[in-house]
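Heads up, the thing below is written out as structure tokens.
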Amino acid sequence: MTGWRVGRLAAPPEIIASARLHVARTITHVPTVNHRAALAAMADTGTLLRDRGWSSSADLAAWLLDTAHLAVVPGEAFNAPERIRMCFAVDDATLITAAERLRTALGPTEHEPAVQQLEEAR
């Protein structure tokens, strides 16, 4: 189950041994880039909403869809009115395009250092 870090493997012993090495290095610990992304994501969009004159994250979501052709879920849908939800379960090229569209649409933000760190970590 992607994102839950749960899985099952049935394979010959040599494959299991190799998989254990991989799991020990990737799944049992949260990668640094995930920590950085989480910190950047923790800031809410309240300031952005107020600065741009939007009354809700639904307004922001509609604007992003119309302006940047990015689909996000407004926070009101999951009881977090000053946030938006995004899906990152796509290929790298799509993520890069989405990030460029978001940056172009919103312009520089207070999160630019976090974005730069994520790009450097790639």
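Assorted remarks:
- Solvent-accessible ranking of Asp91, Asp51, Asp59, largest area first, probe 1.4 Å: Asp51, Asp91, Asp59
- The H on the amide N of Arg85, modeled in the peptide plane, is under 5 Å from the matching H of Val73, Gly75, each at least 5 residues off or on a different chain.
- FRET efficiency estimate (nearest 0.05) - Cβ-Cβ, Glu76 to Thr97, R0 30 angstrom: 0.70
The values are calculated or read from the model by the stated rules, or taken from the named source; none is laboratory data. Every value quoted in this text rests on a predicted model; they were computed, and no experiment measured them. Note that we place each Cβ from the backbone using ideal geometry, even for glycine, and neighbour counts take in every protein chain shown. These accessible areas exclude ligands, DNA and RNA; they are computed on the full protein's heavy atoms, side chains included. Shrake-Rupley method; radii C 1.70, N 1.55, O 1.52, S 1.80 Å.
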